[in-house]
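The values are calculated or read from the model by the stated rules, or taken from the named source; none is laboratory data. Computed from a predicted structure; not experimentally measured. Virtual Cβ from ideal backbone geometry, glycine too; neighbours counted across all protein chains shown.
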């Protein structure tokens, strides 16, 4: 009896640690906003044996059954842009038939969740909410001792609160998840969250939800590993400045020979941490204590955070070193008066030339290996001043060092959880698969169509209503074709034809209103959307539109162009019902037109000539009036003035005949 009670008490203790671990893993740092990071205080001590025992068994099981690089993996494309959107997203398909969602890839979250159809407080996101009733394979997770239960004790529920004061809560469900048409991993059953309430940034963001990649029982990575579907590893590769997009791999890939690694201790905290020891600026180490980057939770790597945050003394030293090495540039105010950003002008628009104006930065790990950062890894572009850039590394109110996505732009980051290390490999994420010599893989960068017309029927996904297959197709719909434009390609114009199921008389008065709706859905200014032409095609009305660069820009960024085309092609632009249904018939992308010097400065020259003429005529007029007045004054003499005597003329005698 005594032994039975001892076993029962031990089991309760272990379950308590698992619960604490799962709860703490769900708390992620700030994503995108630049407030100081405050981590939740739920972590066990680095020396806590309880924490180690709680997860040690799971790790040993994975070590024993893992076969490196012989498992399939899921290669997936990343979308959006780090600084424009504050995050990167990927596409997941949930249910039978599959329902598509754009989810933020977040290494700081342990739950994958999407808005549920009956959500009481959810924002408007880019895709429709998940409809459990329309999925033949969906099942709610019933209440059990491994989860938190709802008030009725029927279903399992979850709740996640984040540092920026946003939150998500709902019920846990299980369904089939598909990873796209480039995935070697067949669709798998997995547990995810079906949101009932979301607040803060989660409510207002355009992305549908979160894809949790952290360490935890509900993490999508942990679920696939526990099923022995993939190796205990995944990789992320974020596109560079002005490019966006990227690639993700669920599962192991052979590391490049020159990849550098840092140990990542899973027992220290549920976050992915690295052992950072020094930071060098222009080859010189910052004068800091060796323990600066090892305080509290150490150095945490979080893909859901936009910028980087250093402890006070490290930030001051880094800021001063960058300013000192950038003395040839002019220091200016930041784009947002609410923040005291450190910005520089005079570096030029060409990102590839920034290394000539800003120093190289090295992050040195405890094993002596170092990760070299180019300026795009610690700068973001000023949104109001062309050719100006600001520091993307800020002061943290916490002693923890937090490295967000900006640090790893154009860097393949491999989270090798099985071997407890994280690898870094500087590369062009737009050409990742080519550089890794992986044939037939998807293009990794933001995809912009070649500058020619491409027919693209919409919607992309269609299913037979009579199908009786219980599993969704292995091949899920993809985004754009495989053509990838060179990184230097700059989009000058996007044109597209939309076919509406309405007649001309109903459509004609609403062109302006329709343009405003399209601009709102595409998240661009209404002034960028221009009506070009209208014609009838059978029983449909076809309207041709053009999207121009913003007024302050000369071209449309690749990430913005990619987002626009994908939303149109994948039928994710939602318009009011009175406009009827629509279909994207054709679209075309044209490069930026390089204008001659005379074309660029024509009006400047004209205005200059006019101003010169006006000033010249005005000056001549003033001089003429002054001269005239001078002459007029000279013809009059003052009273009493002495004048030279003049001889009087003789009078002419009048003839006697006249007398």
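General remarks:
- The selection criterion, being on the phi > 0 side of the Ramachandran plot, at pLDDT 90 or above and either surrounded by 21 or more Cβ atoms within 10 Å (Cβ to Cβ) or in contact with a strand residue (DSSP E or B) (Cβ under 7 Å, 6 or more places away or on another chain) (or both), holds for residue 298.
- Note on region 134-158: residues that are touching a residue at least 12 places away in the same chain (Cβ under 8 Å), under 19 Å from residue 197 (Cα atoms) and not in a loop (DSSP other than H, G, I, E, B) total 5.
- Which listed residue, of 387, 392, 397, 304, is surrounded by fewer than 16 Cβ atoms within 10 Å (Cβ to Cβ), within 30 Å of residue 421 (Cα to Cα) and in contact with a strand residue (DSSP E or B) (Cβ under 9 Å, 6 or more places away or on another chain): 397
- The one condition in (1) within 24 Å of residue 265 (Cα to Cα); (2) touching a residue at least 60 places away in the same chain (Cβ under 8 Å) that residue 395 fails to fulfil: (1)
- On the stretch given as region 196-211, residues that are farther than 15 Å from residue 88 by Cβ and assigned to a strand (DSSP E or B) total 4.
- Residues located in region 114-130, provided they are crowded, with 23+ Cβ neighbours inside 10 Å and in contact with a helix residue (DSSP H, G or I) (Cβ under 9 Å, 6 or more places away or on another chain): 122
- Screening residue 347 with (1) surrounded by fewer than 21 Cβ atoms within 10 Å (Cβ to Cβ); (2) touching a helix residue (DSSP H, G or I) at 6+ places or on another chain (Cβ under 9 Å) gives one miss only, at (1).
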